[in-house]
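*Asks:* Starting off with a structure, shown below.
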Amino acid sequence: MGKAERPSSKWSLSQGAFDRFLSTLDPDRELAGERYETLRRNLIHLFTWRGCREPEDHADEAINRTIRKIDEGEEIRDLISYVHGVARHLLLEVFKSRQREQNALEQLPPPIDPAREPDRLIDGAGDGTGDGVPCLRRCLNRLPQESRQLIIQYYQGDKRAKIEQRKQLADSLRITANALRFRAFDLRQKLEGCITRCLQEG
């Protein structure tokens, strides 16, 4: 099984590699194209059924991984079964990644409203007297306008209003709720560092 050369980690899909994949599906080019479309639809259905957010991208990834194996010289007897096996492995990767993401989200500190609780933006900094407000405003003004609006909108409102507002914010940015929370957390970390330096400078 050993090969003289290890395959490069840098690989990109070429027309030649795709043509070899099609010929493995069927020697007849037209029939191969039809089988390819059917295979891709079935993979998209699989990833959709398993609750993946980007089923088309995952289907393409499973096919590309198979094409790479063929391109590197691996002999595949039952191509359809092989691709579905690759898809199942990819599903495991997706689920593990989703679990890591969920674990990271659960470890995030509770949200705050920077407009109402500026001192809580810095762990242990500020004594509750409002000394952090000027620094908060200064640091907010240093952010790009889009980032400044995001962090303020993300933390504004009461609990019920926040849920709907964050959903609308995520939709407007065309990102998931989890991605929005990570982005807000990253901005908050930057603000904390800026405010800490501001307070230390007096």
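Read-outs: derived from the displayed coordinates by stated rules, not from any lab. Not measured: the values here are computed from a predicted model. Cβ sites come from the backbone with ideal geometry, for glycine too, and all protein chains shown count toward neighbours.
*Asks:* Pop a pseudo-label 7 angstrom from the Cα along the beta-carbon direction at both Gln189 and Gln168 and give the gap in nm to one decimal.
*Replies:* 2.9 nm
*Asks:* Relative contact order for the stretch 15-106: what is it in percent, counting Cα pairs under 8 Å that are at least 6 residues apart?
*Replies:* 26 percent
*Asks:* Another one. In the stretch 1-91, which GluC sites (Glu not before Pro) fall in coil by DSSP and have 14 or fewer other Cβ atoms within 10 Å?
*Replies:* Loop-located and lightly packed - Glu5, Glu72, Glu74, Glu75.
*Asks:* Moving on to the next point. What is the order of Tyr36, Tyr155, fewest Cβ neighbours within 10 Å to most?
*Replies:* Tyr36, Tyr155
*Asks:* From the cross-link list Lys69/Lys96; Lys10/Lys96; Lys10/Lys190, which pairs have alpha carbons spaced over 31 Å apart?
*Replies:* Lys10/Lys190
*Asks:* If Rh is defined by the Kirkwood formula over all Cα pairs and Rg also comes from Cα, what ratio Rg/Rh do you get for the stretch 15-106?
*Replies:* Details: Rg = 14.6 Å, Rh = 14.0 Å.
Reported Rg/Rh, Kirkwood definition of Rh: 1.05.
*Asks:* If you put +1 on each Lys and Arg Cβ and -1 on each Asp and Glu Cβ, how big is the dipole of the stretch 1-91 around its Cα centre, in Debye rounded to 20?
*Replies:* Charge dipole, the stretch 1-91, about its Cα centre: 380 debye, nearest 20.
*Asks:* If you don't mind, there's one more thing I want to ask. Counting only the backbone N, which residues of the stretch 43-70 are under 13 Å from the spot 7 Å out from the Cα of Asn178 toward its beta-carbon?
*Replies:* What the label zone holds, given the 13 Å backbone N cut-off, is 51-54.
*Asks:* If packing is taken as the average number of other Cβ atoms within 10 Å across a peptide's residues, how do 179-191, 11-23 rank, most packed first?
*Replies:* Values: 179-191: 16.9, 11-23: 13.5.
The most tightly packed comes first, giving 179-191, 11-23.
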